[in-house]
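**Student:** Mind looking over this structure? Questions follow.
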Amino acid sequence: MSILAGRCLCGAVHYEVADEFVYSLNCHCQDCRRATGSAFKPFAGIERGKFAITQGKDGLAIYGKPDAGDLHCAKCGSLLCSVVRDGQFVHVTLGTLVDAPSIRPSAHIFVGSKAPWFTITDDLPQHEGHAGGS
């Protein structure tokens, strides 16, 4: 099993995650756009037990609840992951990974609410709302 490293922008918070992601998607919902400041959030989903903060746990800011919220670095604000599915999974933001994961996003979700100024130019499937299985 390969372990991937990730960290926030300022380096205060580091994490490790198994390269055993179950799914990966590009989310265009308004919440993900606001949380990232980007047109969409590329993320990969994995069981929560395969993700661990290795440095800076005291420097986390949680938006929402620990079992249903976003984990940010309290210093720089980087969104590291979202805890989902009743706390059983995390959606790791791919942009915070230091190492390249073996998975790639397989679809775009919530394109019904995507930013009007952004054009999707790849051939991945597009779902108006939530894709099944994530």
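The values are calculated or read from the model by the stated rules, or taken from the named source; none is laboratory data. Nothing here was measured: the structure is a model prediction, and the numbers come from that model. Here the Cβ positions follow ideal geometry from the backbone for every residue, glycine too, while neighbour counts run over all protein chains shown.
**Student:** Would you mention how many residues in the stretch 64-87 are modelled with pLDDT under 95 and either over 14 Å from the mean Cα position of the chain (by Cα) or assigned to a loop (DSSP other than H, G, I, E, B) (or both)?
**Tutor:** So the answer is 7.
**Student:** Ok, one more. Being touching a Lys or Arg at 6+ places or on another chain (Cβ under 8 Å), surrounded by fewer than 21 Cβ atoms within 10 Å (Cβ to Cβ) and either in a strand (DSSP E or B) or not hydroxyl-bearing (Ser, Thr, Tyr) (or both) narrows it down to one residue among Ala39, Ala61, Ala52; which is it?
**Tutor:** Going through Ala39, Ala61, Ala52 in turn, just one is touching a Lys or Arg at 6+ places or on another chain (Cβ under 8 Å), surrounded by fewer than 21 Cβ atoms within 10 Å (Cβ to Cβ) and either in a strand (DSSP E or B) or not hydroxyl-bearing (Ser, Thr, Tyr) (or both): Ala39.
**Student:** Show the residue pairs that are 6+ apart or on different chains and have beta-carbon atoms under 9 Å apart, the first residue being within the stretch 76-95 and over 13 Å from Ala44 (Cα atoms) and surrounded by fewer than 23 Cβ atoms within 10 Å (Cβ to Cβ), the second being modelled with pLDDT under 95 and basic (Lys, Arg).
**Tutor:** Going by the 9 Å Cβ cut-off, the qualifying pairs are Gly87/Lys65.
**Student:** So, in the stretch 1-36, of the ones that are hydroxyl-bearing (Ser, Thr, Tyr) and over 20 Å from Tyr63 (Cβ atoms), which residue ends up surrounded by the most Cβ atoms within 10 Å (Cβ to Cβ)? Let's see the steps before the verdict.
**Tutor:** Going through the stretch 1-36, the residues hydroxyl-bearing (Ser, Thr, Tyr) turn out to be 2, 15, 23-24, 36.
Applying the additional criterion that residues be over 20 Å from Tyr63 (Cβ atoms) yields 2, 23-24.
On the way: Ser2: 10, Tyr23: 17, Ser24: 21.
If we take residues in the stretch 1-36 being hydroxyl-bearing (Ser, Thr, Tyr) and over 20 Å from Tyr63 (Cβ atoms), then Ser24 is surrounded by the most Cβ atoms within 10 Å (Cβ to Cβ).
**Student:** With the checklist (1) in a loop (DSSP other than H, G, I, E, B); (2) farther than 27 Å from Gly129 by Cα in hand, flag the one item Phe21 doesn't pass.
**Tutor:** Going through (1) in a loop (DSSP other than H, G, I, E, B); (2) farther than 27 Å from Gly129 by Cα one by one, Phe21 breaks only (2).
**Student:** While we're looking at this one, here's another question. Pro101 is checked against (1) in contact (Cβ under 8 Å) with a residue 60 or more places away in the chain; (2) not in a loop (DSSP other than H, G, I, E, B) and fails just one. What number does that condition carry?
**Tutor:** Of (1) in contact (Cβ under 8 Å) with a residue 60 or more places away in the chain; (2) not in a loop (DSSP other than H, G, I, E, B), only one is false for Pro101: (2).
**Student:** Consider Val90 carefully, then state whether it is within 26 Å of Gln126 (Cα to Cα) and either modelled with pLDDT of 95 or more or among the small types (Gly, Ala, Ser) (or both).
**Tutor:** On the way: within 26 Å of Gln126 (Cα to Cα): yes; either modelled with pLDDT of 95 or more or among the small types (Gly, Ala, Ser) (or both): yes.
It is true that Val90 is within 26 Å of Gln126 (Cα to Cα) and either modelled with pLDDT of 95 or more or among the small types (Gly, Ala, Ser) (or both).
**Student:** Cβ-Cβ under 7 Å, sequence separation 6+ or interchain: first residue in the stretch 6-17 and under 11 Å from Ile53 (Cα atoms) and without any contact (Cβ under 8 Å) to a residue 60 or more places away in the chain, partner outside any strand (DSSP E or B) and not charged (D, E, K, R). Which pairs?
**Tutor:** Here the result reads His14/Gly56, each pair linking the stretch 6-17 to a residue that is outside any strand (DSSP E or B) and not charged (D, E, K, R).
**Student:** Being at pLDDT below 95 and either polar (S, T, N, Q) or within 13 Å of Val17 (Cα to Cα) (or both) is true for just one of Ser102, Ser134. Which residue is that?
**Tutor:** Ser134
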